[in-house]
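Asker: Can you read through this structure? Questions will come right after.
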Amino acid sequence: MSSDQNSYHSVPAQSQQAPFVFQIVGYKNSGKTTLLSQLTRKLKQAGFTVGTAKHDAHEFTMDTPGTDTWQHQEAGADITAISSASRSAIISNRTESLSALLTHMQHVDFVLVEGFKQEHYPKLMLLRNPKDEPLLQLSNIVMIASWDTFDIPLHHASPTFGISDFDAIYNHLLTLHPFPPK
């Protein structure tokens, strides 16, 4: 084992690297959720800790009618938290920025983010057809996955993979975050 590896492993957990935040962006039905789920499984199998965040352009429901926390929300609580022996959740009646959501995920190796297109983190851009090309104007695109064989504009230097070339996408992601699991 090299001295660099020894020094990394001897660092106390509190001072280790911040999570590597990686966005998966594309239009609706481009495969974002499927790819994020596949990457999460693969990272977990490799021993990494993973957080995920999703931007939802529509309203969503996280609570079940009739439960205690649902009753808290129905009574007008602005924020409700629940904790059990194995899980915790916070339900807030206001929108949160990605930065605010990330404050809850500082203990993980990776945070995989679905959406939040305008954020500045490294991005995997999913292109389903040529009409999706305006997305290539977004910042910090480090990788592209394409559904089709249409030509990606030559001015874009990011590595390009087929949407089903999951292993290559995963391996390239690891080159962007070359640290061992926490």
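Asker: Tell me, what HN-Hα J-couplings in whole Hz come from the Karplus equation 6.51 cos²θ - 1.76 cosθ + 1.60 at θ = phi - 60° for each residue of segment 23-34, using x for Gly and Pro?
Answerer: Per-residue couplings from phi come out as 9, 10, 10, x, 6, 3, 6, 8, x, 4, 5, 4 Hz.
Asker: Taking amide hydrogens as modeled 1.01 Å from N in the peptide plane, which residues meet the under 5 Å criterion relative to residue 143, leaving out close sequence neighbours?
Answerer: Answer set, sorted by chain and number: 123, 125.
Asker: Residue by residue, what Karplus-based ³J(HN,Hα) values in Hz, rounded to whole numbers, does segment 71-87 have, using 6.51, -1.76 and 1.60 with θ = phi - 60° and x for Gly and Pro?
Answerer: With the stated coefficients, segment 71-87 comes to 5, 4, 5, 5, 6, x, 4, 7, 8, 9, 10, 9, 9, 10, 5, 10, 8 Hz.
Asker: Would you mind checking the pairs 54/182; 54/123; 28/117; 44/182; 54/131 and listing those with alpha carbons more than 18 angstrom apart?
Answerer: 54/182; 54/131
Asker: Let me ask another. Please give me the summed charge of the neighbours of residue 49: other residues whose Cβ is under 10 Å from its Cβ, Lys and Arg +1, Asp and Glu -1.
Answerer: Counting the neighbours of residue 49, the net charge comes to +1.
Asker: Now, a different point. Answer rounded, prolate or oblate for segment 82-182, using the Cα gyration tensor with square roots of eigenvalues a ≥ b ≥ c: rounded when a/c is under 1.5, else prolate when a/b is larger than b/c, else oblate.
Answerer: Working: a/c = 2.40, a/b = 1.72, b/c = 1.40.
Taking the square roots of the gyration eigenvalues as a ≥ b ≥ c, segment 82-182 is prolate.
FYI, it's all coordinate maths here, none of it is from the lab. Only a predicted model underlies this, so the values are computations on that prediction, with no experimental measurement involved. Glycine gets a Cβ as well: all are built from the backbone with ideal geometry, and neighbour counts include every protein chain shown.
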